[in-house]
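Quick one: structure below, then a few questions.
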Amino acid sequence: MIDFRYHIVSLISVFLALAVGIILGAGPLQGAIGDQLTGQVEQLRLERNELRDQLDATNLKVADDQEFIVASGPQLVAGTLQDRRVAVVDLGDVDGDRFEAVQEQLEGAGASIVGHVRLNGAWTDKKQEDARKATATEITDLVTGVTESGTDEKLAAGLATSLTAKQLAAPEERTPEAVQIELKLAQAELIEVVQEQDVPADVVLLLAPQGKVAPATDTTTGAAAEEADTYAVSIEVLLAQAAQARSEGSLVAGSTPVPGDLISTITADADLAAVLSTVSGIEAPAGQISVPLALAARIGDKVGQFGFEEGATAVIPPSVQLPPVDRTPAGAADTSLSTEGTAGTDGAGTTGETTEG
């Protein structure tokens with residue numbers, strides 16, 4: 001009986017509370033609550049409109065800045081790579097629009113792309129080590145200075161040689177070894193030839209695809225996934241080093257860096273950063289414009305990591321004045337000087353002027 005009374009009292013209390021709430025809400029508190037809610041909604045509406053106006057103003061400013069950068073590009077890059085020949089190496093599947101934007105800046109700088117290859121997955125696949133080793137053995141005799149090197153060092157040196165090696169007596173022609181190396185790398189499906197190369201390149205541009213980064217964790221393989229990507233990046237570093245050593249200058253260019261990618265790896269290593277130049281942010285005009293400027297700077301022996309990220313040495317590469325390209329065959333200059341020195345002599349070796357005197 002006590003429990004029943006308790007439930008009755010509880011139900012009566014609930015109904016009384018509801019009744020009081022309805023009476024107060026429909027009576028003296030109706031206006032106050034309504035006014036309060038209306039005021040809050042109006043305040044939120046004003047804040048939303050202010051934020052929208054601020055966003056529109058910011059977007060407009062960004063658009064103006066981008067327009068200024070794009071308009072300034074031709075003046076900044078004009079002539080900086082005059083008559084230089086560029087070989088491009090895609091380190092993966094590089095976005096076509098991004099490549100075309102970089103190509104436009106290179107051509108605006110007076111350079112020309114004379115060769116273009118793309119690395120296939122086998123180049124950095126740990127499971128393809130044996131296949132790479134076989135190819136490296138095949139090209140060892142075609143590449144100088146790699147006899148004691150490891151597999152990936154040989155392949156990196158081989159690709160760099162195939163892009164840049166020229167005949168001393170005919171600088172306009174690639175060496176037979178360079179042509180053979182390219183053929184063997186393509187046959188082994190380590191590279192794909194995107195643009196056939198007829199003449200040797202002066203400089204090498206390595207283009208990194210977007211988002212090439214080792215995941216922090218992998219639920220299926222754990223640390224092995226991170227190790228595999230670190231392994232791949234270490235092989236790309238070897239290629240960047242070989243490209244720099246076997247050309248007038250090289251550059252690694254890619255998107256805004258993320259932890260573990262090639263640009264981040266170079267930037268974080270003082271020894272690598274002292275030799276290899278990088279440009280980040282090539283998804284935007286500022287980065288695209290920096291590519292020819294950084295290549296010119298590297299030819300001029302100025303190394304840097306150029307971009308807006310933490311660790312970059314500068315936003316824009318320094319300006320350099322490169323000497324005109326000289327493609328005189330080896331020995332031709334000496335022959336010319338010798339000819340000039342003997343012109344006008346008679347059989348006794350005296351000049352015509354002396355004889356007349």
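The values are calculated or read from the model by the stated rules, or taken from the named source; none is laboratory data. Being a predicted model, the structure only gives us computed values, none of them experimental. Here the Cβ is made from the backbone with ideal geometry for all residues, glycine too, and neighbour counts use every protein chain on show.
Which condition number does His116 fail, the rest of (1) closer than 30 Å to Ser149 by Cα; (2) touching a Lys or Arg at 6+ places or on another chain (Cβ under 8 Å) being met?
(2)
Right, another one. Note down all Cβ pairs under 7 Å where the first residue falls in the stretch 229-245 and is outside the structural domain of Ser162 (by TED's automatic domain parsing) and free of Cβ contacts under 8 Å to residues at least 60 places away in the same chain, the second is in a helix (DSSP H, G or I) and buried (at least 22 other Cβ atoms within 10 Å of the Cβ), and they're at least six residues apart or on different chains.
none
I need the full set of residues from the stretch 87-106 which are over 14 Å from Gln195 (Cβ atoms) and either more than 12 Å from the chain's Cα centre (by Cα) or of a type outside the set (A, V, I, L, M, F, W, C) (or both), in order please.
Matches in the stretch 87-106: Gly92, Asp93, Asp95, Asp97, Arg98, Ala101, Glu104, Gln105.
What are the residues in the stretch 275-316 that are under 16 Å from Ala78 (Cβ atoms), in contact (Cβ under 8 Å) with a residue 40 or more places away in the chain and not aliphatic (A, V, I, L, M), if any?
Pro285, Gln288, Pro292, listed by residue number.
Further question on the same structure: Condition check: over 30 Å from Arg246 (Cα atoms) and modelled with pLDDT under 70. Does Gly73 satisfy that?
no
Can you tell me which residue in the stretch 126-174 is nearest to Pro329 (Cα to Cα), limited to those that are surrounded by 24 or more Cβ atoms within 10 Å (Cβ to Cβ) and small (Gly, Ala, Ser)?
If we take residues in the stretch 126-174 being surrounded by 24 or more Cβ atoms within 10 Å (Cβ to Cβ) and small (Gly, Ala, Ser), then Ser162 is nearest to Pro329 (Cα to Cα).
Out of Thr217, Thr230, Thr221, I need the residue that is among the β-branched types (Val, Ile, Thr), within 23 Å of the chain's Cα centre (by Cα), surrounded by fewer than 16 Cβ atoms within 10 Å (Cβ to Cβ) and modelled with pLDDT under 95. Which one?
Thr230
Also, I was wondering about something else. Inspect the stretch 9-20 for any residue being farther than 30 Å from Glu172 by Cα, assigned to a loop (DSSP other than H, G, I, E, B) and at pLDDT below 80 and give the result as yes or no.
no
Residues in the stretch 313-337 that are out of contact with any Lys or Arg (no Cβ under 7 Å at 6 or more places or on another chain) and modelled with pLDDT of 75 or more: how many?
15
Separate question: Tell me the helices (runs of 4 or more DSSP H) entirely within the stretch 249-322 that contain at least 1 residues that are under 13 Å from the mean Cα position of the chain (by Cα).
262-268, 285-299
If you don't mind, another one. Is there any pair linking a residue in the stretch 8-30 that is of a type in the set (Phe, Trp, Tyr) to one that is at pLDDT 65 or above, with Cβ under 9 Å and at least six apart or on different chains, and which?
The qualifying pairs do not exist here.
Quick test for you: out of Glu129, Glu172, Glu182, Glu153, pick the one residue that is more than 26 Å from Ser277 (Cα to Cα), among the charged types (D, E, K, R) and modelled with pLDDT of 95 or more.
Glu129
Another question, if that's okay. So Val204 ticks every box in (1) surrounded by fewer than 18 Cβ atoms within 10 Å (Cβ to Cβ); (2) closer than 24 Å to Gln82 by Cβ; (3) touching a residue at least 60 places away in the same chain (Cβ under 8 Å) but one. Which box is left unticked?
Answer for Val204: the failing condition is (1).
Look at Gly260 and say whether it is surrounded by 22 or more Cβ atoms within 10 Å (Cβ to Cβ) and either at pLDDT below 95 or over 11 Å from Gln305 (Cα atoms) (or both).
For Gly260, the condition - surrounded by 22 or more Cβ atoms within 10 Å (Cβ to Cβ) and either at pLDDT below 95 or over 11 Å from Gln305 (Cα atoms) (or both) - is not met.
Further, regarding this structure: Considering each residue of the stretch 100-125, count those that are surrounded by fewer than 17 Cβ atoms within 10 Å (Cβ to Cβ), part of a helix (DSSP H, G or I) and in contact with a Leu (Cβ under 8 Å, 6 or more places away or on another chain), and give that number.
Qualifying residue count, the stretch 100-125: 1.
When you check Leu190 against the structure, is it more than 30 Å from Leu293 (Cβ to Cβ), aliphatic (A, V, I, L, M) and either free of Cβ contacts under 8 Å to residues at least 60 places away in the same chain or surrounded by fewer than 23 Cβ atoms within 10 Å (Cβ to Cβ) (or both), yes or no?
Considered against the rule, which asks whether it is more than 30 Å from Leu293 (Cβ to Cβ), aliphatic (A, V, I, L, M) and either free of Cβ contacts under 8 Å to residues at least 60 places away in the same chain or surrounded by fewer than 23 Cβ atoms within 10 Å (Cβ to Cβ) (or both), Leu190 comes out as no.
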